[in-house]
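Everything below concerns the one structure shown next.
Every number in this text was worked out from the coordinates using simple rules, so none of it is lab data. Not measured: the values here are computed from a predicted model. Heads up, the Cβs are rebuilt from the backbone with ideal geometry, glycines too, and the neighbour counts pull from every protein chain shown.
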Amino acid sequence: MSTTDGPASAAVTDDGGAGAGSGRDAIVRAARRAFALRPYAEVTMRGIAAAAGVSPSLIVKRFGSKEALFNTVADFGPAADELFAAPPAELGRHLVLTMVALRDRLRGDPLLRVVFSLGIEDERTLLRERFREQVTDRLAATLAGPDAGLRAELIAGQLLGLGATLSLHRPDGASARTSADRLADLYAPGLQRLVDGA
């Protein structure tokens with residue numbers, strides 16, 4: 001989870017969204033940030049609404065409760081669907097390109113919240129369990145050859161490292177001035193070796 005995601009600055013529109021393309025996505029981005037930076041008990045729907053530039057009633061309408069919103073934020077499945085949507089022979093490069101695309105689209109990292117969550121132990125445990133089930137174990141099941149579980153853990157670690165590096169060095173680091181294709185040229189071979197088990 002990127003800790004540099006800022007609140008929406010556009011005016012709230014009639015439907016409670018902060019301009020075109022926001023609404024649900026703006027709420028989820030604000031909730032990711034809130035749950036990563038503060039324990040669950042300290043996060044409020046009103047605070048998330050303010051950060052997202054929407055009304056609190058829109059959050060209730062879209063998600064129902066803070067627990068339901070947390071469960072949406074703690075769901076790594078959609079990101080995993082995109083990350084693993086390539087055949088094994090092309091997966092290394094696909095992982096890098098998709099990670100960069102997801103970060104741009106989501107305005108934050110789709111995986112790092114598992115590392116940066118400051119919640120109580122139950123919340124951190126839930127995030128770790130979901131990450132293991134929805135990312136690491138799912139990837140391991142697709143890998144051929146020995147040590148699939150270990151290789152999947154190492155691939156997940158490499159993706160978390162890539163996300164952390166891109167967050168740490170923006171907005172003016174070398175990675176911010178480098179194309180996604182060039183990042184893939186440099187980073188994907190190591191991932192592909194883990195995919196292949198070579």
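About its Cα centre, the dipole of region 137-189 is roughly 140 debye, where the only charges are +1 on Lys and Arg Cβ and -1 on Asp and Glu Cβ. Across region 43-60, coupling constants 3J(HN,Hα) worked out from phi with the 6.51/-1.76/1.60 Karplus curve, θ = phi - 60°, read 7, 10, 4, 4, x, 5, 4, 4, 5, 7, x, 10, 7, x, 5, 5, 4, 4 Hz, and Gly and Pro carry x. Working note: Karplus 6.51/-1.76/1.60 with θ = phi - 60° gives region 73-89 the couplings 5, 8, 9, 8, x, x, 5, 5, 3, 6, 4, 9, 8, 8, x, x, 5 Hz, where Gly and Pro are set to x. Scanning residues 5 or more positions from Gly23 or on other chains, those with amide H under 5 Å from its amide H are Ala18, with H placed 1.01 Å from N in the peptide plane.
Each of the peptides 132-139, 32-39 was scored by the mean count of other Cβ atoms within 10 Å over its residues; in descending order, highest first, they stand as 32-39, 132-139.
Backbone phi angles across region 165-182, fed through the Karplus curve with coefficients 6.51, -1.76 and 1.60 (θ = phi - 60°), yield HN-Hα couplings of 4, 5, 6, 5, 9, 9, x, 10, x, 4, 5, 6, 9, 10, 6, 4, 4, 5 Hz in residue order; Gly and Pro are listed as x.
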